Amino acid sequence: MSARITNNIDKKAEPSSTDEFIKGLWRENPVFVQVLGMCPVLAVSNTAQNALAMGLATAFVLLMSNILVASLRNFIPKQVRIASFILIIATFVTIVDYAIQAISVDLHKNLGAFISLIVVNCLILSRAEAFASKNTIGKSIMDALGMGVGFVLALFCLGAVRELLGNGSLFDVAIFPESFQEWIIMILPAGGFFTLALWLIVFNYFKVKKAKG
Amino acid sequence: MNTESYWSIFINASLVNNFVLAYFLGICPFLGVSGKMETATKMGGAVTFVMLISSICAYGIHALLVAIDAPFLQLISYIVVIASTVQLVEMFIKKMSPTLFRALGIFLPLITTNCAILGLALFQTNKAYSLSQSLVYALGAGIGFTLALILMAGIREQLEFAEVPDVVKGTALTLLVAGILSLTFMGFSGLGT
Amino acid sequence: MNADPSVSSQSNSSEESKKMLIAMVSIGIFCALLIVLVYEGTKERIDRLRTEALEKAVFKVLPGISNTRMFLLGTDGNFTPAEAPDGKNPVVYAGYDDAGEFLGVAIEASGQGYADVIRILYGYNPHSQTIMGFYVLESKETPGLGDKIEKDEIFLANFKALSVKLDPESTRIQNKVIPVKQGGKSNPWEVEGITGATISSRAIGNIIGENSSVMVPLIYNQIGRFKEYAQNNFSKQ
């Protein structure tokens, strides 16, 4: 995971807060452009609901850890910064874990151990290290919101496609007529790989087209 | 208490529920270092090694947390203890066997925070395995990870000579191959009964 | 994950390590406080939701009951009422109707399925000596194929009156529950499988077969204990 951390140091001189927000949605979308933080999330993107819940949980941890890291950035010595970041992230993940259990036992059962695995989501640590530890609280909040919303959107795109084709429904509401033959493969793990690959191809297509003018 | 047989645990962890291809754990190193056969093999070895160590750590921590009735500290203590233990082991290997260190060393810090390692610790706790069952589980998971990595590396080495459309090149292609591998591994389902 | 110690400058090293220590300890204390607060705040609700979910499952496998009570099977082979599972001994749930009449027992069982371990709850009626139904608590069976065990009408019909009759001495089940092929059911103790979900449906049959051959004789011979509990705790109307 550490290999990708340095990839996204911001190049522009003085981007505004709005820029920090927008970049996460499209230009630096954490999933489709940076392919970050996929490990713990692909497994639970088999339905739109699971994907959305997982995305929101991750975004919440990202926001809180960014706020705390940014506000403590002058207090934490350089040598122990990564250890402190992980401590902070693990705290908020534990909190989210209990919050989800308190909201719905069924949802918690569906997501299982994968909530705890948000801790090792490369995205969160990389934002703490590459952005929040160097910027003001305000900017870090915007950065986390942008990346978080981008992440939720991306996960939702994955989950929605998989549920729609694999189960003929969206949020458990049947979309296709009864006669629709479900593509069971889409709900299987293999479907997760294929769906992500297809979305990457779509993004690549726009990139290649733009590069050619 | 879990009465699963060692054989069933091993087959399930390595083939049926392969960490990479069924649980999507350890995707980052899977995509990152599966380009070359040699690196893939070494990485697999390092992961298996760290898995065995963290499996023991996780078993100990869990027993301790149950004793002091503090389940809410599970996640934090897992990640901190596993990371520091691996750090210690790394220093130990560096001193004892420089050859082994050169082979595995550079991968060790990279995989401490790997999802597959923490995932293993969490799953073995959920399944309530005993210490020996946990070790078999860790060994199975590690070998399964190595297998997936080596298969992927072999395919990717061949793919380098293939002509692929521009839009599919890179991560997308690797993911497509991973999807097909994942389908193949589904054929192992039912073996662990 | 830990920063490389060689990065730190050699000068002021004691000053620096003091700062490091203070930072780590204060962050640690802060984090621990936060976690404990959230844990304490949500504990009650989480426990309630969990009990509710389990009760819902017990009510499903024991139709007609209105009250349920947890019993633990001790190492001496005796059932005793309990507040919470202790994580070691097998748990069963006794079901009682409005009048406090003992109707049956819901038993937790698990075994290897197609993809992963399947955990189920099944209902046992000692009066008719049959299994009344089962409910999947946890399964990762293939969607659309293996998960038919939860939906397939014909398969579920197996468990309307599955015989687990004991032999005349009441020490063991006369005919152990066994899985058979679809369309091959000819005895009341056979579980007819599903084509297309062969392994998953056979797994359910085997889980119930193995578990019931141990639990059913124990429960049958201790009906008195379950009835006694009702007499002491539910007022007859």
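Give me the summed buried accessible area for the C-A pair, 1.4 Å probe, to the nearest 100 Å². The buried area between C and A, both sides summed, comes to about 2500 Å².
Our helix-only sum for chain B, with -39,500 (n - 2.57) per DSSP H run of n ≥ 4 divided by its residues, gives a mean residue ellipticity at 222 nm of -22500 deg cm²/dmol. Heavy-atom surface analysis with a 1.4 Å probe gives the range C:44-235 a carbon and sulfur content of 49 percent of its accessible area.
How many percent of Cα pairs in the range B:19-184 exceed 19 Å? Tail fraction, whole percent: 58. By the Cβ distance rule (another cysteine Cβ under 4.7 Å), the unpaired cysteines of the protein assembly as shown are A:CYS122, A:CYS157, B:CYS28, B:CYS57, C:CYS31. Computed from protein heavy atoms with a 1.4 Å probe, the total accessible area buried between B and C is close to 1500 Å².
Volume of the convex hull of the protein assembly as shown (Cα atoms only), normalised per residue: 189 Å³. Helix B:37-67 and the long axis of chain B differ in direction by around 20°, with both axes built from C-alpha atoms. Working from label points 7 Å from Cα in the Cα-to-Cβ sense, the B:ARG102 to C:GLU210 distance is 5.0 nm.
Taking the 0 to 90 degree range and rounding to the nearest ten, how far is the long axis of helix B:171-186 tilted relative to the main principal axis of chain B, both from C-alpha atoms? That helix lies at roughly 60 degrees to the long axis. Between C:LYS140 and C:GLU15, the contour length at 0.36 nm per residue exceeds the Cα-Cα span by 39.6 nm. Along each principal axis, taking the top coordinate minus the bottom one, the Cα set of the range C:44-235 gives 48, 47, 31 Å in descending order. Among the helices of chain C, those built from whole DSSP H runs whose Cα atoms reach 27 Å or more along their own axis and whose mean Kyte-Doolittle hydropathy is at least -0.5 are C:13-61, C:198-220.
Remark on C:THR130: its backbone amide H falls under 5 Å from those of C:ASN125, C:VAL164, a criterion applied only to residues 5 or more positions apart or on other chains, H modelled at 1.01 Å from N. Remark: the protein assembly as shown carries a charge dipole of roughly 1460 debye about the Cα centre, counting +1 on each Lys and Arg Cβ and -1 on each Asp and Glu Cβ. Here the Karplus curve 6.51 cos²θ - 1.76 cosθ + 1.60, taken at θ = phi - 60°, turns the phi angles of the range C:163-168 into couplings of 6, 10, 4, 7, 6, x Hz, with x standing for Gly and Pro.
Averaged per residue, the range C:142-237 has 53 square angstrom of accessible surface, using a 1.4 angstrom probe with ligands and nucleic acids left out.
Taking a span of 27 Å or more along the helix axis (Cα atoms) and a mean Kyte-Doolittle hydropathy of at least 1.0 as the rule, the DSSP H helices of chain A that qualify are A:48-71, A:81-103, A:137-167. Which of C:VAL91, C:ASN67, C:ALA115 sits farthest toward the positive end of the charge dipole of the range C:18-115, with +1 on the Cβ of Lys and Arg and -1 on the Cβ of Asp and Glu? Projecting each Cα onto the dipole axis, the largest value belongs to C:ALA115. The accessible area of B:THR174, taken with all protein chains in place and a 1.4 Å probe, comes to roughly 10 Å².
Taking a sphere under 12 Å around the Cβ of C:ILE204 and counting the other residues whose Cβ falls inside, with K and R at +1 and D and E at -1, yields a net charge of -3. Debye-formula intensities of the range A:17-212, expressed as log10 I(q)/I(0) at q = 0.08, 0.16, 0.19 Å⁻¹, are -0.28, -1.01, -1.27 (one equal scatterer per alpha-carbon, no solvent). Placing unit charges on the Cβ atoms only, positive for Lys and Arg and negative for Asp and Glu, gives the range A:17-212 a dipole magnitude near 940 debye about its Cα centre. Near B:ILE150: Cβ cut-off under 12 Å, other residues only, Lys/Arg at +1 and Asp/Glu at -1. The net charge is +1. Taking only protein heavy atoms and a 1.4 Å probe, the accessible area of chain B is 70% carbon and sulfur.
Taking Cβ atoms as reference points and 14 Å as the exclusive limit, the residues near B:ARG102 contribute a net charge of +1, counting Lys and Arg as +1 and Asp and Glu as -1.
Buried accessible surface for the B/A pair, both sides summed and rounded to the nearest 100, is 3200 Å² with a 1.4 Å probe. Here the calculated FRET efficiency for C:ARG45 and C:ASN233, from their Cβ-Cβ distance with R0 = 25 Å, stands at 0.45, rounded to the nearest 0.05. Think of each Lys and Arg Cβ as +1 and each Asp and Glu Cβ as -1; about the Cα centre, that makes the dipole of the range C:44-235 roughly 320 debye. Per-residue SASA remark: C:ILE199, around 60 Å² accessible (1.4 Å probe; ligands, DNA and RNA not included). Mind running the shape call on the range B:1-95? Use the C-alpha gyration tensor, a ≥ b ≥ c as the square roots of the eigenvalues: rounded below 1.5 for a/c, prolate if a/b tops b/c, oblate otherwise. Note, shape of the range B:1-95 comes out oblate. Using the Cα centre of chain B as origin and beta-carbon charges of +1 (Lys, Arg) and -1 (Asp, Glu), tell me which of B:GLY170, B:ALA40, B:MET91 is placed farthest towards the positive end of the dipole. Positive-most Cα among the choices belongs to B:MET91. Residues C:ARG45, A:ARG81, C:ARG50, A:ARG162, ordered by accessible area of protein heavy atoms at a 1.4 angstrom probe radius and largest first, appear as C:ARG50, C:ARG45, A:ARG81, A:ARG162. A helix-only calculation puts chain A at -19500 deg cm²/dmol for mean residue ellipticity at 222 nm, using -39500 (n - 2.57) for each DSSP H run of at least four residues, averaged over all residues. In the structure shown, the pairs C:LYS151/C:LYS176; A:LYS78/B:LYS169; C:LYS140/C:LYS185; C:LYS56/C:LYS165; A:LYS78/B:LYS95; C:LYS151/C:LYS227 are assessed against 29 Å; a Cα-Cα span above that value is assigned to A:LYS78/B:LYS169; C:LYS151/C:LYS227.
Would you work out which of C:LEU137, A:LEU145, A:PHE92 lies farthest towards the positive end of the dipole of the protein assembly as shown? Charges go on Cβ: Lys and Arg +1, Asp and Glu -1. Result: A:LEU145. The residues of the range A:17-212 present an accessible area of 37 Å² per residue when probed at 1.4 Å with all protein chains retained.
With a cut-off of 18 Å on the backbone N, the residues of the range C:188-225 near the modelled label site 7 Å out from C:SER163 along Cα-Cβ are C:188-193, C:209-210, C:212-213, C:216-217.
The values are calculated or read from the model by the stated rules, or taken from the named source; none is laboratory data. A quick note: this is a predicted structure, and the numbers were derived from the prediction, not measured. When we count neighbours, we look across all protein chains shown, and the Cβ atoms used for this are built from the backbone with ideal geometry, even at glycine. These area figures cover heavy atoms from the full protein model, side chains too; ligands, DNA and RNA do not enter into them. Shrake-Rupley method; radii C 1.70, N 1.55, O 1.52, S 1.80 Å.
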